[in-house]
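Undergrad: Starting off with a structure, shown below.
Where a number appears in this text, it was derived from the coordinates with a stated rule and is not lab data. In this text the structure is predicted, and so the values were computed from the model without any measurement. With ideal geometry, Cβ positions are generated from the backbone for all residues, glycine too; neighbour counts draw on all protein chains shown.
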Amino acid sequence: MSTFDPRLVRGDIAQLKRVVNGYPLTYLDSGATSLPPRAVVEAMDRYYALHHANVHRGVYQTAAEATALYEDARSAVARFLNAPGGASEIIFTKNCTESFNLLARSWGAANLTAGDVVLLTEMEHHANIVPWFQLRDAIGIEVRFIGVTDDFRLDLTNLDELLRGVKLVSVTAMSNVLGTINPIRELADAAHAVGALLAVDGAQSVAHSPTDLVAMDCDFLAFSAHKMLGPTGIGVFWGRQALLDAMPPFLGGGGMIGDVSVNGFTSAPVPARFEAGTPPIAEAVGLGAAVRYLEGLSMAHVAAHEAHLTADALTRLNDRFDGRVRIIGPSTVDRRGGVISFDIEGVHPHDISQVLDQHGVCVRPGHHCAKPLMKRFGLNATARASFGPYSLTSDTDALLDALDDAMTMFGA
Amino acid sequence: MSGLDDLYREIILDHYRTPRNRGELDPPAVRVEGFNPLCGDEIVVYLAVTDGVVTDIKLTGQGCSISQASSSLMSAAVKGKSVDEARAVIGTFKDLMMGPSATEPTPSELRKLGELAALAGVVKFPVRIKCATLAWNTLTQALDETSN
Ligand SMILES: Cc1ncc(COP(=O)(O)O)c(C=O)c1O
């Protein structure tokens with residue numbers, strides 16, 4: 001039995017005890033980055049205070065400890081994701097963005113040629129768009145997009161047609177703008193049926209719902225630690241062992257080699273092959289602690305809690321403002337997560353966020369690194385509120401009061 | 001809410017709700033687009049210069065209250081001025097936003113700015129400075145193009 005109680009989680013987050021502009025801090029920007037609990041901060045502190053040494057190289061005691069802690073984190077992540085091949089499939093990168101660059105530059109460059117198609121969606125984050133355009137510009141692949149319907153879902157009506165010539169489908173598990181949760185297993189089956197692979201952007205999904213790579217049946221997964229209660233500076237790239245084993249290295253340098261001579265180099269086995277240079281060791285320790293913390297809460301409980309918060313917020317935004325706050329995303333919690341983008345006629349998202357800040361309420365204005373999606377809905381920007389496991393309905397109370405003030409100020 | 005009152009002065013809200021000089025001009029007026037890639041604010045400046053005088057200026061675009069009010073105030077400030085005077089106003093305004101005396105404009109500086117002084121409070125909100133300066137950078141570019 002999990003002992004999930006969001007108020008206890010909240011108690012673990014020091015920043016949520018702060019007072020900002022005279023109000024208790026209301027953090028509604030977990031979609032951008034999450035707030036680490038004490039256990040994560042302490043694990044990293046303890047690592048630096050007592051165990052810090054470079055990994056994989058030293059024979060002395062603390063170097064062995066550092067290596068063990070770093071590899072423990074890898075095992076923890078593999079368990080958290082139910083990775084079919086275990087820890088050796090887990091590659092530590094800098095962030096989700098670097099994971100996609102690794103995928104495009106290593107797997108993409110080795111397996112794609114001019115005319116091959118990579119199929120994305122109109123709701124992707126730039127991290128899962130730009131590396132493919134870069135590859136297109138380098139070797140002439142085609143980049144194609146699955147559209148988004150007026151009710152904020154992937155338009156899969158012409159999927160068969162879109163899949164023609166496709167070697168890789170790369171899709172977000174959950175939109176960082178709309179909150180839409182995409183049908184990953186269905187897309188995996190459709191991709192595999194035409195001999196294509198499926199890569200998944202887990203940046204918005206891994207911290208908010210259970211991840212089971214075996215059930216998803218995807219081939220690659222990318223995400224960042226900082227959106228799942230972990231530190232910045234470390235991300236994860238997961239791939240099926242056989243695929244990783246056949247991929248050339250991405251970055252070159254120390255740690256990723258088998259041998260180097262004046263004539264050239266050979267590369268190390270996976271995962272070392274993809275971890276050139278001294279890795280983010282303390283960050284891996286922090287990520288390991290975050291994973292254990294989330295497991296302690298149970299991801300099923302986290303998902304249920306955030307669904308409750310989202311349903312409550314959607315209802316109250318609608319009731320209180322009588323449609324003046326337009327939700328850019330699905331209107332119910334059916335296949336939808338706790339990211340709520342909205343638009344208020346007459347009040348620009350920057351101004352909303354500025355007034356909200358005055359109430360200690362943190363939301364994010366802008367295009368959220370999803371410009372094709374913004375364009376699809378004729379928007380330049382939205383304001384976005386997003387929940388984490390430490391969020392409470394009282395955060396929504398503060399949001400609503402502050403929105404009321406913003407609308408009064410701008411006469412909206 | 002005293003902090004916000006500094007930012008959202010009544011003049012700013014007025015120019016945001018009722019922007020001056022909205023519209024387009026046909027060539028030979030020059031047309032220059034300004035973009036804020038971070039937040040997506042955009043401003044298009046149409047500028048007509050005859051015999052060294054800004055005879056007309058029109059604006060389109062979309063963005064936050066600060067970027068839109070700043071562009072509207074700017075258009076009112078430079079319309080009918082000589083190009084040299086317009087460049088001087090730009091200089092004074094940019095000093096206000098980022099010059100060494102950025103935090104506290106002197107009374108004589110404020111007088112020179114007229115209505116533009118309403119934007120002085122933006123300096124206290126560093127992330128909004130680029131909203132306020134977008135139109136002005138675009139105008140500088142437009143002036144450069146007319147002198148080519
Ligand atoms: C869906 C999605 N993908 C990718 C990213 C990129 O994450 P990072 O900036 O940590 O690399 C984000 C974060 O904004 C995101 O929300």
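Undergrad: Would you tally the net charge around A:Arg10, using a Cβ to Cβ cut-off of less than 15 Å, leaving A:Arg10 out, and scoring K and R as +1, D and E as -1?
TA: -1
Undergrad: Still on this structure: If you count, for each residue, the other Cβ atoms within 10 Å and average over each peptide, how do A:105-113, A:205-213 line up from highest to lowest?
TA: Ranking, from highest mean packing down: A:205-213, A:105-113.
Undergrad: Sort out for me the Cα centre separation of the stretch A:380-402 from the stretch B:46-84, rounded to whole Å.
TA: When both Cα centres are located, 38 Å separates them.
Undergrad: Can you give the angle from 0 to 90° between the axis of helix A:184-193 and the longest principal axis of chain A, with both taken from C-alpha atoms, to the nearest 10?
TA: 40 degrees
Undergrad: State log₁₀ I(q)/I(0) for the stretch A:41-296 at q = 0.15 Å⁻¹ as given by the Debye formula over alpha-carbon point scatterers of equal weight, solvent excluded.
TA: Scattering profile of the stretch A:41-296, log10 relative to I(0): -1.05.
Undergrad: Compute log10 of I(q)/I(0) for the protein assembly as shown with the Debye formula, placing one identical point scatterer on every Cα and leaving out solvent, at q = 0.06, 0.07, 0.12 Å⁻¹, to two decimals.
TA: So the normalised log intensities work out to -0.36, -0.49, -1.18.
Undergrad: Shifting gears a bit: Once you list every other residue whose beta carbon is under 13 Å from the beta carbon of A:Val177, what net charge do they have if Lys and Arg are +1 and Asp and Glu are -1?
TA: Local net charge: +2.
Undergrad: To one decimal place, what orientation-averaged projected area in nm² is obtained for the convex hull of the Cα set of the stretch B:2-146?
TA: The directionally averaged projection comes out at 8.1 nm².
Undergrad: While we're here: In degrees from 0 to 90, rounded to the nearest 10, what is the angle of the helix A:281-297 Cα long axis to the longest principal axis of chain A?
TA: With both axes taken from Cα atoms, the answer is about 50 degrees.
Undergrad: Let me ask something else. Only bridges with both residues in the stretch A:41-296 count here: give the DSSP antiparallel percent, nearest 5.
TA: 50 percent
Undergrad: Could you please report the charge total around B:Thr140, scoring K, R as +1 and D, E as -1 over all other residues with beta-carbon less than 15 angstrom from its beta-carbon?
TA: Net charge in that neighbourhood comes out at -1.
Undergrad: Measure nothing but the geometry: give the 0 to 90° angle between the long axis through the Cα atoms of A:349-358 and the longest principal axis through the Cα atoms of chain A, rounded to 10°.
TA: Once rounded, one gets 80 degrees.
Undergrad: Which whole-number percent of Cα pairs in the stretch A:117-260 have a distance greater than 20 Å?
TA: 51 percent
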